[in-house]
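Notes follow once the structure below has been shown.
The values are calculated or read from the model by the stated rules, or taken from the named source; none is laboratory data. What you see is a predicted model, and the numbers here were worked out from it, not measured in a lab. For neighbour counting, all protein chains shown are included, and Cβ atoms are generated from backbone atoms with ideal geometry for every residue, glycine included. Heads up: the accessible areas ignore ligands, DNA and RNA and are worked out on the full protein's heavy atoms, side chains in. Shrake-Rupley method; radii C 1.70, N 1.55, O 1.52, S 1.80 Å.
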Amino acid sequence: METISQLHIVLPVICLIIGEFALNGKAQMVDCNESDREALIDFKKGLEESEDRISSWRGSNFCQWWGITCDNNTGAVVTVDLHNQYPSGYDASGRYGNWNLSGEIRPSLTKLKSLRYLDLSFNTFNGTIPDFLSSLENLQYLNLSNAGFRGAVPPNLGNLSRLQYLDLSLSFPYNLSVNNFEWVTGLVSLKYLEMTGSNLSMVGLRWIEAFNRLPHLTELHLSSCGLSTFTSTLTFVNFTSLAVLDLQGNQFNSMLPSWLVNISSLVSLDISSSSLYGRIPLGFGELTNLQSLNLGNNDNLTASCSQLLGGSWKKIEVLDFELNKLHGSLPASLGNMTFLTRLNLFHNGIKGGIPDSIGRLCNLQYIDLSANNLTGSIPEGIENCPSKGPLPSLQQFIASDNQLVGNLPDWLGQLTSLVELDLQWNSLQGPIPASLGNLQHLSELRLEANKLNGSLPESLGQLSNLSALDVSINELTGVISETHFSRLSKLQLLLLSENSFILNLNSHWIPPFQLWYLELGSCHLGPLFPEWLRSQKELNYLHFPNASVSGSIPEWFWEMSGNLSVLNISFNQLEGQLPNPFNIAPFALLDLSSNLFYGPIPLPSAEINLLDLSNNQFSGPIPDNIGKIMPNLVFLSLSNNQITSEVPVSIGEMKSLQVVDLSRNNLTGSIPPSIGNSSLLSVLDLQKNNLSGEILASLGQLNLLQTLHLNNNRFSGEIPSTLQNLSFLETLDLGNNSSLQVLDLAENKLNSTIPASFGDLKAMTQQQTVNIYLFYGSYMTQYYQENFAVNMYGQPLVYTKTLSLLTSIDLSGNNLHGELPEQITKLVGLVVLNLSGNHISGRIPNSISELRQLLSLDLSDNNFSGLCGGPLTVKCSDGGVTGDSDGRRNADSDRDDSFIDKWFYLSIGLGYAAGLLLPYLTFAIRTSWGDIYFGFVDKIVAKLLEFL
């Protein structure tokens, strides 16, 4: 026994001596713990890799192996750190390599009895988390985040009583799951737990109580875990060390618990985007250690803003109440929050103005009040901080999307640290202060969508750090010259659209900036195409519709246009032939509509997503290969040109098409059956062409079709029954689709009776009272605006914005015969009914008097019986009743005539004559006035709807 004892003492010395000689005299300790080395060798057998890190585990000195650390005294393995340092595949030098480990975790790992630190994160191991990890009784740190494990977290991990750090977080949600948290109560040393992305939907109501029993818990991260309940009561709060609680991105559907304000150690609390409701406890303002509070995006949390922000908030740096229902005004005591570095009240219901006391926030760095209900004006003046001026630390001031009014105060130009000023989408008015030119650190100035007037200050041209300038959608005027841009060398985004600026820029001017995004719509940019754009080599977005530019596009533009992802130069007077193919960036959006371009239809050099060439003078055929060149096209409009060809078969290869508008051309032939392959199509407008043949049954495959225009062509034959499959169709349908409001089959060759099933058009059985702008196939900033010409009072009246209020049936100019079915009188919401120019016979049903919403009824040029009196030429005798052809009175005829008199002259007479006859007589004198009148009605209705 003595010999063995002495051996235990001597052996390390022997090993040390041998190790020193073996390493040529260098003082390197060689560990002789053979069992740890054998455990690592066996553990290595289960691992798979593409690099040489694990394969370098050779030799006896395993303490020098990659990822292994040994205790300096005992030589035992204490750390196995095999985490993937470069999960993206690229290392710090940019070199690509496969740094990932996979395979299996072998039980031999448990033979490392001294192991305290195990990190296998960001690898792709197979199977579940091994149960045997629970036998690593000395383990203090365990990181299995994004390691590839799946399934249930083994509850026996609760045996690791010395564990202080546990990370099981996931980038791909729900690969791991937990049914209850009773096992965590065994982790009595735990300080940090993260399970972000795990599936915790089954843990029950009292899950928080398990963590409440961990006295050393400092950080708890359970974000985006599917937690669905949150107990509102907690008998005893034992979170004496909890500093960070992150529960954002869950679906609690619960009240915000009031016991949270009893956790005096809290430094950061984030329960944003978690479907919480109820009042925000005022006690948050009294938590002396709280630095960050994020309750944003819960929709239904409420509080009085003045009470909530009236607390002490001694160390607060971040406040985020975005998208809730805070109410009231900002308190005067807000000025005492001198430690505040970020305030975010985005998208709440805060009411009232911004208080003067905001000037006392001397350490404030970030304030976001956007998308609230703020009213009033920005204070005219605010208090200075001692010897520093107003808000000396403020870097970002964001109060966009409110109802702020009044002028921009001049003191904004004294915010010397300001980097971002965002006040867009308010009702601010008056001039832009010239003092803003003093803000030398300003990078973003966003004043879009206000009522600002006056000119653009030349002083803004001195903002050498400005990268984004947006003053679009205002009432600004005046001349813009090179002086406005003299020092803007960092400018990348310039938005001046929807103002009345005149750009007076020398044709030889070379700007100091390289723009990425340029909007000059509705500015006076012309008359010629701007030559200074030639210097903008990085331009990606170019938008100047309605800019009074005329003449041809210079050739140099098409040499640089290959970088453009968006090009909109519509509504100008540009002319000439376009290059074919023209140069544009892949998947670009191109709008050249409403110009004077002519020649053949040009195609792009790369496939694009949107092509609008409408309202030009293009001629010739649509290229046969258009579908092959642009297979991913979403929006195609060639409307109102001079195109003479058939619709190409290749159009069916555009599987992503949502809008096809080929209307108002000279197209011939039939609709190609291949168009049924464009299954995402919502708009097909082929009206006013010379198309012929039958209406294709394959149109019934377009399940998402909402509007179909085939009028003013030469189609014949039967209407295919497959159209009844178009359950989303709104502009044309043949029954059994409740959304149908407009049915126009006029001027065709229909030869049948009127189907009784028309009475089943449910959208016509009630008055339409909600106006919806009918924009279809919206893609980025482009959309198809539905329009419809209704024949009323002998004139075509075009509906656009108020079209959703119209219910109309026009079957005029066909060969319809038989009687008018009584079922059609169930359509009590009808505004227009035109059956003229047919061969309909019999009597008009008595129940037609129920159609009280009718503004236009045309039954002329038919074979109805029993009608007499003005304005008809048939005179009525005996008090307005005519006799039969054989001179005998007919009782039914008497009743019908009496009914017609009462209905026509009483029901329609007053409303029709007073409401519509007067405008009609006016329009008869001046036809153009009709367009003005109904355009005015459109605008009035649209304006009224803004207040609903």
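Numbers below:
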| quantity | calculated |
| --- | --- |
| 11 Å beta-carbon shell around residue 182, net charge (K/R +1, D/E -1) | +1 |
| Distance between the stretch 364-442 and the stretch 595-631 - C-alpha centres, whole angstrom | 47 Å |
| Amide hydrogen neighbours beyond the local backbone of residue 147, cut-off 5 Å, H modeled | 122, 123 |
| The stretch 490-586: trypsin sites (Lys or Arg not before Pro) in DSSP coil with no more than 12 other Cβ atoms inside 10 Å | 537 |
| Distance-filtered residues of the stretch 684-713 - backbone nitrogen under 11 Å, label point 7 angstrom along residue 725 Cα→Cβ | 697-704 |
| Two-site FRET efficiency, residue 384 against residue 573, from Cβ-Cβ distance with R₀ of 56 Å, rounded to 0.05 | 0.55 |
| Protection proxy ranking, peptides 669-676, 626-633, average beta carbon neighbours within 10 Å, highest first | 626-633, 669-676 |
| Charge tally in the Cβ shell below 12 Å around residue 118, where Lys, Arg are +1 and Asp, Glu are -1, residue 118 excluded | -2 |
| Rounded accessible area per residue of the stretch 222-292, 1.4 Å, Å² | 36 Å² |
| Contact order relative to length of the stretch 218-270, as percent, for alpha carbon pairs under 8 angstrom and 6 or more apart | 45 percent |
| Rg/Rg_ref, the stretch 460-513, where Rg_ref = 2.2 N^0.38 Å and atoms are Cα | 1.11 |
| Assigned charges on the beta-carbon of Lys, Arg, Asp, Glu; the stretch 182-263 dipole about Cα centre (debye) | 120 debye |
| HN-Hα J in Hz across the stretch 509-521 - Karplus 6.51, -1.76, 1.60, θ = phi - 60°, x for Gly and Pro | 5, 10, x, x, 10, 10, 6, 9, 9, 9, 10, 10, x |
| Extended-chain gain in nm, criterion 0.36 nm per residue less alpha-carbon gap, residue 475 and residue 532 | 18.0 nm |
| Label-point separation in nm, residue 38 to residue 490, each point 7 Å along Cα→Cβ | 6.5 nm |
| Filtered GluC sites (Glu not before Pro), the stretch 362-447: DSSP coil and at most 12 other beta carbons within 10 Å | 380 |
| Virtual paramagnetic centre 7 Å along Cα→Cβ of residue 556, amide N under 13 Å, in the stretch 495-532 | 507-511, 529-532 |
| Residue 321 accessible area, 1.4 Å probe, all protein chains in place, Å² to nearest 10 | 0 Å² |
| Under-5 Å amide H pairs with residue 743, H placed in peptide plane, nonlocal only | 808, 809, 810 |
| In the stretch 230-263, the chymotrypsin sites (Phe, Trp or Tyr not before Pro) that fall in loop regions by DSSP, at most 10 other Cβ within 10 Å | 236 |
| Amide H contacts of residue 369 (H built 1.01 Å from N, under 5 Å, at least 5 apart or other chain) | 345, 398, 399, 400 |
| Sulfur and carbon atoms: percent of accessible area, the stretch 382-514 [1.4 Å] | 46 percent |
| Projected label distance in nm at residue 606 and residue 510, using a 7 Å step from Cα toward the beta-carbon | 2.7 nm |
| Rel. contact order, % - alpha carbon contacts under 8 angstrom, at least six apart, the stretch 359-444 | 29 percent |
| Gain on full stretching of the segment that runs from residue 161 to residue 114 - 0.36 nm per residue minus C-alpha separation | 15.5 nm |
| Solvent exposure, largest accessible area first (probe 1.4 Å, DNA, RNA and ligands not counted), of 861, 299, 81 | 861, 299, 81 |
| Ordering of 60-73, 193-206 by packing [mean C-beta count within 10 Å, highest first] | 193-206, 60-73 |
| Fully extended contour minus Cα-Cα distance, from residue 235 to residue 679, at 0.36 nm per residue | 154.0 nm |
| Gap separating the Cα centres of the stretch 99-163 and the stretch 279-303, nearest whole Å | 37 Å |
